Amino acid sequence: MSSRYAVIDQNNLVTNVIMWDGVTQWQPPAGYVVKETQEAAIGDIWMEGLQDYVRPLSIMKPPEDDTSKAEREAAYNEAKARLAASILSVNLQGALESF
């Protein structure tokens, strides 16, 4: 049965995640090591002292640029306008009014 392994370079960076039975003849590239893991992902860093992987913040949340911020704001404003258009109220005379 195969297990999940992280392929780690000389800088302790996970460069690949593979399935390997641990028995079949295979060697990682020179300067790389493999460690069995269930959690590690490409881009994680192996912390030898902690015996654990850490995920850099830059991987968890990509840097935001002005374009993506503007696109997100436009989508928010469009959704807000659609929501406002779909809300109806009943006035004192019993007629429906939109906001």
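Only the coordinates and a few stated rules stand behind these numbers; no lab work does. None of these values were measured; they are calculated from a predicted model. Because the Cβ atoms are built from the backbone with ideal geometry, glycine has one as well, and the counts that use them run over all protein chains shown.
What to note about this one:
- Extending 7 Å from Cα along the Cβ direction at Glu48 and again at Ile18 yields two label points whose distance is 2.2 nm.
- Projected over every direction and averaged, the convex hull enclosing the alpha-carbon atoms of the chain yields 12.7 nm².
- Over the C-alpha trace of the range 3-60, radius of gyration and Dmax come out as 11.2, 36 angstrom.
- Label-point gap, in nm, between Ala30 and Ser86 - each point 7 angstrom along Cα→Cβ: 6.2 nm
- GNM top mover of Glu78, Glu48, Glu36 - the chain, alpha-carbon springs below 10 Å: Glu78
- Between helix 66-86 and the chain there is an angle of about 40 degrees, using the helix long axis and the longest principal axis of the Cα atoms.
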